[in-house]
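Report on the structure given below.
The values are calculated or read from the model by the stated rules, or taken from the named source; none is laboratory data. These numbers come from a predicted model, not from an experiment. Cβ sites come from the backbone with ideal geometry, for glycine too, and all protein chains shown count toward neighbours. With ligands, DNA and RNA removed, areas are computed over all heavy atoms of the protein, side chains included. Shrake-Rupley method; radii C 1.70, N 1.55, O 1.52, S 1.80 Å.
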Amino acid sequence: MRMKSLVAALLSAGVVTFAYADITVGVLVSATGPAASLGIPEKNTFALMPTTIAGEKVKYIVLDDASDTTTAVKNTRKLLTEDKVDVIMGSTITPNSLAMVDIAAEAETPMISMAASARIVDPVDAKRRWVFKTPQNDVQMSTAITEHMNNSGVKTVAFIGFSDAYGEGWWQEFSKIAEVRKMKVVASERFNRADTSVTGQILKIMSTNPDAILIAGSGTPAALPQKTLKEKGYKGKIYQTHGVANNDFLRVCGKDCEGTFLPAGPVLVAAQLPDSNPVKKSALEYIAKYEKAHGPGSVSTFGAHAWDAGLLLANAVPAALKKGKPGSKEFRAALRDALEGTKNLYAAHGVFNMTATDHLGLDQRSRVMVKIEGGKWVAQK
Amino acid sequence: MDLQIALLLGQDGIVNGAIYALLALALVLVFAVTRVIFIPQGEFVAYGALTLAAFEAGKTPGTLWLLLGAGVLVALIDTVIAVRGGNPGRIKRIVLWDLALPAAIAGLVLWLEPATLPLAAKVALSLAIVVPLGPMIYRLAYQPLAEASVLVLLIVSVAVHIALVGLGLLFFGAEGSRTTPFSEAQFNVGTLTVNGQTLWVLGASCVLIVALYLFFGRTLYGKALRATAINRVGARLMGISTTLAGKLSFTLAAGIGALSGILIAPITTVYYDTGFLIGLKGFVAAIIAGLVSYPLAAAGAILVGLLESFSSFWASAFKEVIVFTLIIPVLVWRSLTSHHVEEEE
């Protein structure tokens, strides 16, 4: 017994010394709970990431936060104090990422979030200095939608969204921009992810007879309002958000989703992009890697956000290595500086150009309008 | 709001209410017989629906392995108890029910290629997989604690619920599924359009309720369950096995849950965790009935369905708030009108 524990102690001591020489990446994803459909492809993506960057070994420690803020905070502290990670990647969803900002800043460790809200990195203050993120801001996506509505002559529009942070965030952005664009928002309704019926909301929306309807939900739950709209005979345009951009949505929604418009990251329709588009090559590279491991058609845009986080890191590490050894305070600070200095990085979701005031760094090249035709995503010009 | 909208909302509320009614009946049944507040009731809804969806997608559902695993576990425990108790004659029964039956179902599923079968056969196979899980869960989680307090049983229920939700995520993944409707027919009644599936839900609920009524009123096993519900000790003195009553009530609860899931899967998208919220609404209805009265539970369920449907029209952001707040006035009313008997420990 004593012999065993001695061996174990020696072994773990060995592991710790080795770990100090490696770059340790702490990953936090929501692989279970309500955000599991986003977190699982992200988790799968980390398994595909390079195990060496610039000659240094990279160790990924992947933890699950169960889509729960308390667990996210607890696991972030664990990664920082026990595993002494050099960088935190996560979390999948906005509430968790916001809670983690304070902890990462306190430990002076850079953090790359895979959640959508602009508030995670904006404004860049003393705490958010340490925080970066990869997904497009909601506002970028909602301007794409309103622009498309404008161009197709929509005058009145109705909104139905999740009754959570996702739906509220969209409502705030969308209602603001719609007003600027001279469109009248005639109805605003909410529904829950787990609802079995949205007939009431849909009837109310249809009684206002809008030209277009925006459904702000993520994943397959967003199919329910659309199916109800078709069932009740709605003839206008239907828009979805980039939250539905995975193949499960097409499977569940079926023919009721024909003709729907949505903005999405270029990775969704990478193969259809013109060769001149700089994002095409980098996006196809990710798709090939992911589908090789998980089968054709398995790729989703959410996993690509994790991939982009990995690309940001791989791009920043060589510069940081010149200033400090992994595991040291200097290395973490240098890594932060290098991340902020990211220039013209071609990733799966766009081109990253970070500055001291912009810790997202994506521009218009990070979104395309997509139409669902024949059960497939079709890029619009 | 005009009459047509009111009618549409009413229709929607009654269809949802019918499902809540079935679950409320199952909750009342399980509580009356075993004193278990059966939170995992909703998981059977999800398991039933998603097992059927897996068949339609041409996959082998994970619930099949759960059935086999649970069967082996139950058989092991029961065999040890039978041998220790000097009662090896029981082993034959154990092997038959806990090993041979799941193995036969598994053989059937793997041999038949369910994707090519007609819908009715798929439904039957789904039920055959999910329903035996009910008594097995009773055997594993509740039977050793059958005499414990309601609170302990409730805590066990929470644990079982979390375990089953986790397994559901493992088996079916995070995304939801829909199944093909039983009937694509549409009927026009005045200005109202009624789907075939809606009629299926209502018809099946009515048939089940009548069947339960006949079961409790006319059959020996049904009467045994009622006797156990009224007085456990008395029922035991009359030679009714409380273990059998527990297993039987869990079988019924699992059957009702799985069937509800199969009925709603074509109307709405079902997720691995959908069952919980549906089960909770059934629970609100069961509370309205004080966890004792079947007709009141059914009426309460229709009330919950209608309330939900109309509140989703008037104030969609507060829909769940309104539905669950209903419990408070109901509890006040119940505690004022019925006199409370402390549970004997």
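For the range A:217-305, list the helices (runs of 4 or more DSSP H) that sit wholly inside it and hold at least 2 residues that are among the basic types (Lys, Arg); which are they?
On the way: elements: A:223-231, A:247-253, A:279-294.
Hits in the range A:217-305: A:223-231, A:279-294.
How many of the residues in the range A:301-317 are buried (at least 24 other Cβ atoms within 10 Å of the Cβ) and in contact with a Pro (Cβ under 7 Å, 6 or more places away or on another chain)?
3
Filter the range A:112-125 down to the residues that are at pLDDT 90 or above and either more than 14 Å from the chain's Cα centre (by Cα) or within 17 Å of A:MET369 (Cβ to Cβ) (or both) and list them by number.
A:VAL124, A:ASP125
What are the residue pairs meeting all of these: first residue in the range B:110-132, first residue open to solvent by less than 30 Å² (accessible area, probe 1.4 Å), second residue among the basic types (Lys, Arg), Cβ atoms under 6 Å, and 6 or more apart or on different chains?
Here the result reads B:PRO114/B:LYS122, each pair linking the range B:110-132 to a residue that is among the basic types (Lys, Arg).
Please indicate, with yes or no, whether at least one residue in the range B:287-305 is within 12 Å of chain A (Cβ to nearest Cβ) and open to solvent by 40 Å² or more (accessible area, probe 1.4 Å).
No, there is no match, as no residue in the range B:287-305 is within 12 Å of chain A (Cβ to nearest Cβ) and open to solvent by 40 Å² or more (accessible area, probe 1.4 Å).
Residues to consider are A:PRO225, A:PRO263, A:PRO210; find the one that is under 25 Å from A:SER175 (Cβ atoms), touching a residue at least 40 places away in the same chain (Cβ under 8 Å) and within 14 Å of chain B (Cβ to nearest Cβ).
On the way: A:PRO263 fails: within 14 Å of chain B (Cβ to nearest Cβ); A:PRO210 fails: within 14 Å of chain B (Cβ to nearest Cβ).
Testing whether each residue is under 25 Å from A:SER175 (Cβ atoms), touching a residue at least 40 places away in the same chain (Cβ under 8 Å) and within 14 Å of chain B (Cβ to nearest Cβ) leaves just A:PRO225.
For the condition outside any helix (DSSP H, G or I) and closer than 17 Å to B:PRO135 by Cβ, what is the one hit in B:VAL95, B:VAL74, B:VAL30, B:VAL36? Explain how you work it out, then say what you get.
Working: B:VAL95 fails: outside any helix (DSSP H, G or I); B:VAL74 fails: outside any helix (DSSP H, G or I); B:VAL30 fails: outside any helix (DSSP H, G or I).
After applying the criteria, what remains is B:VAL36.
Could you tell me which of the residues B:LYS247, B:LYS319, B:LYS281 is within 14 Å of chain A (Cβ to nearest Cβ), of a type in the set (Lys, Arg), surrounded by 14 or more Cβ atoms within 10 Å (Cβ to Cβ) and under 18 Å from the mean Cα position of the chain (by Cα)?
Details: B:LYS247 fails: within 14 Å of chain A (Cβ to nearest Cβ); B:LYS319 fails: under 18 Å from the mean Cα position of the chain (by Cα).
So the residue among B:LYS247, B:LYS319, B:LYS281 that is within 14 Å of chain A (Cβ to nearest Cβ), of a type in the set (Lys, Arg), surrounded by 14 or more Cβ atoms within 10 Å (Cβ to Cβ) and under 18 Å from the mean Cα position of the chain (by Cα) is B:LYS281.
Listed here are the residues, each with its yes/no results for (1) assigned by TED's automatic domain parsing to the domain that holds A:ALA320; (2) in contact (Cβ under 8 Å) with a residue 40 or more places away in the chain; (3) open to solvent by less than 10 Å² (accessible area, probe 1.4 Å); (4) within 21 Å of B:GLY166 (Cβ to Cβ).
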site: A:SER37; (1), (2), (3), (4): yes, yes, no, yes
site: A:ASN44; (1), (2), (3), (4): yes, yes, no, yes
site: A:GLU56; (1), (2), (3), (4): yes, yes, no, no
site: A:LYS59; (1), (2), (3), (4): yes, yes, no, no
site: A:THR69; (1), (2), (3), (4): yes, no, no, yes
site: A:LYS74; (1), (2), (3), (4): yes, no, no, yes
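Which condition number in (1) buried (at least 24 other Cβ atoms within 10 Å of the Cβ); (2) under 24 Å from B:ALA148 (Cβ atoms); (3) more than 11 Å from chain A (Cβ to nearest Cβ) is the one that B:PHE31 fails?
Of everything listed in (1) buried (at least 24 other Cβ atoms within 10 Å of the Cβ); (2) under 24 Å from B:ALA148 (Cβ atoms); (3) more than 11 Å from chain A (Cβ to nearest Cβ), B:PHE31 misses just condition (1).
On the given criteria, is B:ALA254 over 26 Å from B:GLN143 (Cα atoms), more than 14 Å from chain A (Cβ to nearest Cβ) and at pLDDT 90 or above? So that I can check it myself, show each step before the final result.
Values: over 26 Å from B:GLN143 (Cα atoms): no; more than 14 Å from chain A (Cβ to nearest Cβ): yes; at pLDDT 90 or above: yes.
Here the answer is no, as B:ALA254 does not meet what is asked.
Name every residue in the range A:231-258 that is away from chain B (no Cβ under 14 Å) and open to solvent by 30 Å² or more (accessible area, probe 1.4 Å), in order of residue number.
A:LYS235, A:GLY236, A:LYS237, A:GLU258
Can B:VAL270 be described as within 14 Å of another protein chain (Cβ to nearest Cβ) and in contact with a Ser or Thr (Cβ under 7 Å, 6 or more places away or on another chain)?
Working: within 14 Å of another protein chain (Cβ to nearest Cβ): yes; in contact with a Ser or Thr (Cβ under 7 Å, 6 or more places away or on another chain): yes.
For B:VAL270, the condition - within 14 Å of another protein chain (Cβ to nearest Cβ) and in contact with a Ser or Thr (Cβ under 7 Å, 6 or more places away or on another chain) - is met.
Taking the options B:ALA75, B:ALA104, name whichever one is in contact with a Leu (Cβ under 6 Å, 6 or more places away or on another chain) and more than 22 Å from B:ALA265 (Cα to Cα). Show your work before the answer.
On the way: B:ALA104 fails: in contact with a Leu (Cβ under 6 Å, 6 or more places away or on another chain).
Just one listed residue meets the conditions, B:ALA75.
Any residue at all in the range A:301-311 that is within 27 Å of A:ALA222 (Cα to Cα) and among the hydroxyl-bearing types (Ser, Thr, Tyr)? If you could, list the steps in order and put the result at the bottom.
The initial filter retains those residues of the range A:301-311 that are within 27 Å of A:ALA222 (Cα to Cα), namely A:301-309.
Next, only the ones that are among the hydroxyl-bearing types (Ser, Thr, Tyr) stay: A:301.
Yes: the range A:301-311 contains one or more residues that are within 27 Å of A:ALA222 (Cα to Cα) and among the hydroxyl-bearing types (Ser, Thr, Tyr).
So, of the residues in the range A:187-217 that are aliphatic (A, V, I, L, M) and farther than 30 Å from B:GLY17 by Cβ, which turns out to be surrounded by the most Cβ atoms within 10 Å (Cβ to Cβ)? First the steps, then the outcome.
Looking only at the range A:187-217, we keep the residues that are aliphatic (A, V, I, L, M), and these are A:187, A:194, A:198, A:202-203, A:205-206, A:212-216.
From the residues that got through so far, the ones that are farther than 30 Å from B:GLY17 by Cβ too are A:212, A:214.
Numbers: A:ALA212: 21, A:LEU214: 27.
Checking each candidate, the answer is A:LEU214.
With in the same structural domain as A:SER97 (by TED's automatic domain parsing) and touching a strand residue (DSSP E or B) at 6+ places or on another chain (Cβ under 8 Å) as the only criterion, which of A:SER188, A:SER113 stands out? Step through it out loud before you land on a result.
Values: A:SER188 fails: in the same structural domain as A:SER97 (by TED's automatic domain parsing).
Within the list A:SER188, A:SER113, the selection yields A:SER113.
Is it the case that A:MET49 is buried (at least 20 other Cβ atoms within 10 Å of the Cβ), among the hydrophobic types (A, V, I, L, M, F, W, C) and in a loop (DSSP other than H, G, I, E, B)? Outline the logic, then answer.
Values: buried (at least 20 other Cβ atoms within 10 Å of the Cβ): yes; among the hydrophobic types (A, V, I, L, M, F, W, C): yes; in a loop (DSSP other than H, G, I, E, B): yes.
For A:MET49, the condition - buried (at least 20 other Cβ atoms within 10 Å of the Cβ), among the hydrophobic types (A, V, I, L, M, F, W, C) and in a loop (DSSP other than H, G, I, E, B) - is met.
Consider B:LYS59 carefully, then state whether it is under 30 Å from A:ASP248 (Cα atoms) and within 14 Å of chain A (Cβ to nearest Cβ). Step through it out loud before you land on a result.
On the way: under 30 Å from A:ASP248 (Cα atoms): yes; within 14 Å of chain A (Cβ to nearest Cβ): yes.
Criteria met by B:LYS59.
From A:GLY153, A:GLY217, A:GLY161, A:GLY167, which residue is within 14 Å of chain B (Cβ to nearest Cβ), in contact (Cβ under 8 Å) with a residue 12 or more places away in the chain and out of contact with any helix residue (DSSP H, G or I) (no Cβ under 7 Å at 6 or more places or on another chain)?
Details: A:GLY153 fails: within 14 Å of chain B (Cβ to nearest Cβ); A:GLY217 fails: out of contact with any helix residue (DSSP H, G or I) (no Cβ under 7 Å at 6 or more places or on another chain); A:GLY161 fails: out of contact with any helix residue (DSSP H, G or I) (no Cβ under 7 Å at 6 or more places or on another chain).
The unique qualifying residue is A:GLY167.
Can you find a residue that is in contact (Cβ under 8 Å) with a residue 60 or more places away in the chain and surrounded by fewer than 19 Cβ atoms within 10 Å (Cβ to Cβ) anywhere in the range A:130-148?
No, the conditions are met nowhere in the range A:130-148.
Would you mind finding the one in B:LEU64, B:LEU9, B:LEU101 that is buried (at least 23 other Cβ atoms within 10 Å of the Cβ) and either touching a residue at least 24 places away in the same chain (Cβ under 8 Å) or not in a helix (DSSP H, G or I) (or both)?
Numbers: B:LEU64 fails: buried (at least 23 other Cβ atoms within 10 Å of the Cβ); B:LEU101 fails: buried (at least 23 other Cβ atoms within 10 Å of the Cβ).
The match here is B:LEU9.
Quick check on the range B:205-215: of everything there that is touching a Phe, Trp or Tyr at 6+ places or on another chain (Cβ under 9 Å) and under 13 Å from B:ALA26 (Cα atoms), which residue is most open to solvent (accessible area, probe 1.4 Å)? Give the derivation first.
Residues of the range B:205-215 touching a Phe, Trp or Tyr at 6+ places or on another chain (Cβ under 9 Å): B:209, B:212-213, B:215.
From the residues that got through so far, the ones that are under 13 Å from B:ALA26 (Cα atoms) too are B:209, B:212-213.
Working: B:ILE209: 62, B:LEU212: 22, B:TYR213: 164 Å².
So the residue we want is B:TYR213.
Go through the range A:179-194 and give me each residue that's under 26 Å from the mean Cα position of the chain (by Cα) and more than 11 Å from A:ILE160 (Cβ to Cβ). Give the steps one after another, and end with the answer.
Going through the range A:179-194, the residues under 26 Å from the mean Cα position of the chain (by Cα) turn out to be A:188-194.
The answer is A:ASN192, A:ARG193, A:ALA194.
Right, B:VAL45: open to solvent by 10 Å² or more (accessible area, probe 1.4 Å), within 13 Å of chain A (Cβ to nearest Cβ) and closer than 30 Å to B:ALA297 by Cα or not?
So B:VAL45 fails the test.
Could you please give the count of residues in the range A:318-336 that are in contact with a strand residue (DSSP E or B) (Cβ under 7 Å, 6 or more places away or on another chain) and either open to solvent by 40 Å² or more (accessible area, probe 1.4 Å) or outside any loop (DSSP other than H, G, I, E, B) (or both)?
Matching residues across the range A:318-336 total 2.
Regarding B:LEU336, is this residue surrounded by fewer than 16 Cβ atoms within 10 Å (Cβ to Cβ) and more than 14 Å from every other protein chain (Cβ to nearest Cβ)? Explain how you work it out, then say what you get.
Values: surrounded by fewer than 16 Cβ atoms within 10 Å (Cβ to Cβ): yes; more than 14 Å from every other protein chain (Cβ to nearest Cβ): yes.
When the stated conditions are applied, B:LEU336 passes them.
Go through the range B:112-186 and tell me which helices (runs of 4 or more DSSP H), entirely inside it, have 1 or more residues that are within 14 Å of chain A (Cβ to nearest Cβ) and more than 20 Å from B:ALA32 (Cβ to Cβ). It would help to see each step written out before you state the result.
On the way: elements: B:119-130, B:133-137, B:150-172.
Ranges flagged: B:150-172.
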